[in-house]
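Asker: Questions regarding the structure given below will be posed in turn.
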Amino acid sequence: MAGRSKYDNPFEEGGADEVNPFADQAKRGGSSAQSSYSGGAFYTTQSQRPSAPPSTRLSPLPPEPADFYNDFATPVDIPMDTNKDMKTREKELLAKEAELNRREKEIKRREDAAARAGIVLEEKNWPPFFPIIHNDIGNEIPVHLQRTLYVAFASLLGLVLCLFWNIICVTAAWAKGSGPKIWFLAIIYFILGCPGAYYLWYRPLYRAMRNESALKFGWFFLFYLVHIAFCVYAAVSPSILFVGKSLTGILPAISLIGDSVIVGIFYFIGFGLFCLESLLSMWVIQRVYLYFRGSGKEAEMRREAARGAARAAF
């Protein structure tokens, strides 16, 4: 290759003496339609070359930040509260703490004043699933009086059971044609009897045993005697004061068993419940009266009654 310098690029497209088989024919020096390079047995020439695809150029991507791939980049600083905000919050917390302390002292002062006056705050705690009354015999009643009060509480629950069963029996009698009047009377007995028993004789007995109050004992005896009289009357259920079939006594049971055996059996069960309630109530009033006399509460109540009469006279 004469005339070529030793510094010439051997891959540069040169003159007519060297032909690049990979270059376009338009760029070659010759005018022949087919290349003189055969390329061996696996090289075939085409009469027409496929047209080049249209050039589709995408817009360049925006430049990435300098520390895009830097895992140890400086973390972003989150602005914290200023010293002024911290001091403000501290003052608010101190003010709330002082207010809570003041309320606690006020509540403590009221509790102490109530304790000195003999007033006990009663929190509703029975039944546990739906508290409606206060009853804490194990913690508030002396040990030697707990058994008697437990039996008195059982008599209260027994009265509730008797009046509820009375509603069921009277409903069955109404279904057999006894009329709706006895059913409404049974509902009235239940609505008035259950809360009346608690407020009129059980709660006075509870407070009397807790505070050793003679006047509370007197209140209990008065209304508990009424309770016993009602239970005895309901066990017999004569048609004197109330409509006879509105209470499950022995007389309505005998009269109904001929018309309907099932209703008559229901009334006999109610009769048995009222008899048990009467016997249990008699035992309670006997035990309470024995304690009342043995502890000297009878003499104390008499003195209180005499003082009250003297004050009323003057």
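Asker: Of all residues in region 248-270, how many are out of contact with any Gly (no Cβ under 6 Å at 6 or more places or on another chain), under 20 Å from Gly158 (Cα atoms) and crowded, with 16+ Cβ neighbours inside 10 Å?
Answerer: Within region 248-270, residues that are out of contact with any Gly (no Cβ under 6 Å at 6 or more places or on another chain), under 20 Å from Gly158 (Cα atoms) and crowded, with 16+ Cβ neighbours inside 10 Å number 6.
Asker: For a quick check of your reading of the model, give me the residue pairs whose first member lies in region 252-278 and is closer than 13 Å to Val170 by Cβ and in a helix (DSSP H, G or I), whose second is open to solvent by 10 Å² or more (accessible area, probe 1.4 Å) and among the basic types (Lys, Arg), with beta-carbon atoms closer than 9 Å and at least 6 apart or on different chains.
Answerer: Partner pairs satisfying both residue conditions: Pro252/Lys245; Leu256/Lys176; Leu256/Lys245; Val263/Lys176; Tyr267/Lys245.
Asker: Ok, one more. Taking the options Val170, Val151, name whichever one is of a type in the set (Val, Ile, Thr), within 19 Å of Ile269 (Cβ to Cβ) and in a helix (DSSP H, G or I).
Answerer: From the options Val170, Val151, the qualifying one is Val170.
Asker: Which condition number in (1) open to solvent by less than 60 Å² (accessible area, probe 1.4 Å); (2) in contact with a strand residue (DSSP E or B) (Cβ under 8 Å, 6 or more places away or on another chain) is the one that Trp126 fails?
Answerer: (1)
Asker: For region 165-211, which positions are open to solvent by 50 Å² or more (accessible area, probe 1.4 Å) and under 23 Å from Trp126 (Cβ atoms)?
Answerer: Hits for region 165-211 are Trp165, Phe190, Ile191, Leu192, Pro195, Tyr199, Leu200, Arg203, Arg207, Asn211.
Asker: Tell me, yes or no, whether region 232-247 has at least one residue that is of a type outside the set (Ser, Thr, Tyr), out of contact with any strand residue (DSSP E or B) (no Cβ under 8 Å at 6 or more places or on another chain), at pLDDT 95 or above and open to solvent by 50 Å² or more (accessible area, probe 1.4 Å).
Answerer: yes
The values are calculated or read from the model by the stated rules, or taken from the named source; none is laboratory data. For clarity, every value in this text was computed on a predicted model and none was experimentally measured. Glycine also receives a Cβ, built like all others from the backbone with ideal geometry; neighbour counts cover every protein chain displayed. Heads up: the accessible areas ignore ligands, DNA and RNA and are worked out on the full protein's heavy atoms, side chains in. Shrake-Rupley method; radii C 1.70, N 1.55, O 1.52, S 1.80 Å.
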